[in-house]
Amino acid sequence: MANLLKEATYEQLVQGYRETEAYYVCLVCGKVFEKGEIFEENGRFYEAKKMVEIHTEKEHGKIIDLLFEMDGKDFGLTESQLGMLKAFAYDLSDEEIFEEHQITPSTIRNYRQKLREREQQAKHLAALTHLIEQEKQNGTMHLNRKEKQIVQNSFYTDGTLKEIPSKEKKRMVVLKQIVRPLKVGKAYTKQEIDKYLKNIYLHYEDLRQTLIDAGLLLEGENQTYSKVKTK
């Protein structure tokens, strides 16, 4: 089985393929379908996205069945637990499970309970890892809960600044968040700094001066600027 299937994200596993800027790629065999290309199948024509869906199911079957063929360790389960999960998914009765696995009704109930617990744990872990990635993308992972609330209240959803906070503590949290993407030691031209700040705040010149006054941005010779390293 292709490593693509084992290494896929949750969203990719659900749809059965992964998407790049230019292609759709089958998770099972790695076959590539280029975006913009038209594919013929049984006298009908499909775009790449639809074609990779048709290919995956036609050539490899349902993704759920492929996942059930993987090792239990790929899900953090024992082989017995994975076998029970499959039995429950296919709605086998306790009698049918007993005939196939030779386990008692009490053991079957125990499996059900343990798998429900694992399912809830998996949801918690998936939510946590998703939020961690989201925080990293937003550049707020380093902030504590109170600081994150300040940042959330100070910016619009598109990342632009509502206004420079008047209170010193809040202002410093916001200003440090603004300069965070800048690299310490790199000299930026006035045009580069203004272009960056203009995407954040309408009054970007005021914001630039505020950053200088706060000791977060150092103005050098020939109108160059550099980020000041802070704790």
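The values are calculated or read from the model by the stated rules, or taken from the named source; none is laboratory data. As the structure is a computational prediction, the values presented were derived from the model and not from experiment. Cβ atoms come from the backbone with ideal geometry, glycine included; neighbour counts cover every protein chain shown. Ligands, DNA and RNA are stripped out before the accessible areas are found, and what is left, the full protein with its side chains, is counted by its heavy atoms. Shrake-Rupley method; radii C 1.70, N 1.55, O 1.52, S 1.80 Å.
Structural remarks
- Once Rg and the Kirkwood radius are both taken over the C-alpha atoms of region 101-174, their ratio Rg/Rh works out to 1.37.
- Under a 5 Å amide H cut-off, with hydrogens placed 1.01 Å from N, Tyr23 pairs with Lys35 among residues at least 5 apart or on other chains.
- The chymotrypsin sites (Phe, Trp or Tyr not before Pro) found in region 130-231 that occupy coil by DSSP, while having at most 12 further C-beta atoms within 10 Å, are Tyr156.
- When Cα extents along the principal axes in Å is computed from the coordinates, the matching label among (i) 52, 34, 34; (ii) 76, 37, 31; (iii) 80, 53, 28 is (iii).
- Of the whole protein surface, Arg180 contributes about 120 Å² of accessible area at a 1.4 Å probe radius.
- Whole-angstrom gap from region 102-122 to region 151-167, using each part's C-alpha centre: 48 Å
- Among Gly83, Gly61, Gly72, the residue with the largest mean-square fluctuation in a Gaussian network model of the chain, with springs joining Cα atoms closer than 10 Å, is Gly61.
- Taking Cβ atoms as reference points and 12 Å as the exclusive limit, the residues near Leu143 contribute a net charge of +4, counting Lys and Arg as +1 and Asp and Glu as -1.
- Partners for Lys50 among aspartates and glutamates (Cα-Cα distance below 20 Å; same-chain residues under 8 apart left out): Glu11, Glu19, Glu21, Glu34, Glu37, Glu40, Glu41, Glu59
- Pairs with C-alpha atoms separated by more than 30 Å, drawn from the list Lys169/Lys190; Lys198/Lys229; Lys6/Lys183; Lys6/Lys148; Lys73/Lys146, are Lys6/Lys183; Lys6/Lys148; Lys73/Lys146.
- Along each principal axis, Cα extent of region 31-123, largest first, Å: 55, 28, 18
- If the chain linking Leu125 and His203 were pulled fully straight, counting 0.36 nm for each residue of separation and taking away their Cα-Cα distance, it would gain 23.9 nm.
- Summing +1 for each Lys or Arg and -1 for each Asp or Glu among the other residues whose beta-carbon sits under 15 angstrom from that of Leu27 gives -3.
- Over the C-alpha trace of region 1-85, radius of gyration and Dmax come out as 14.4, 45 angstrom.
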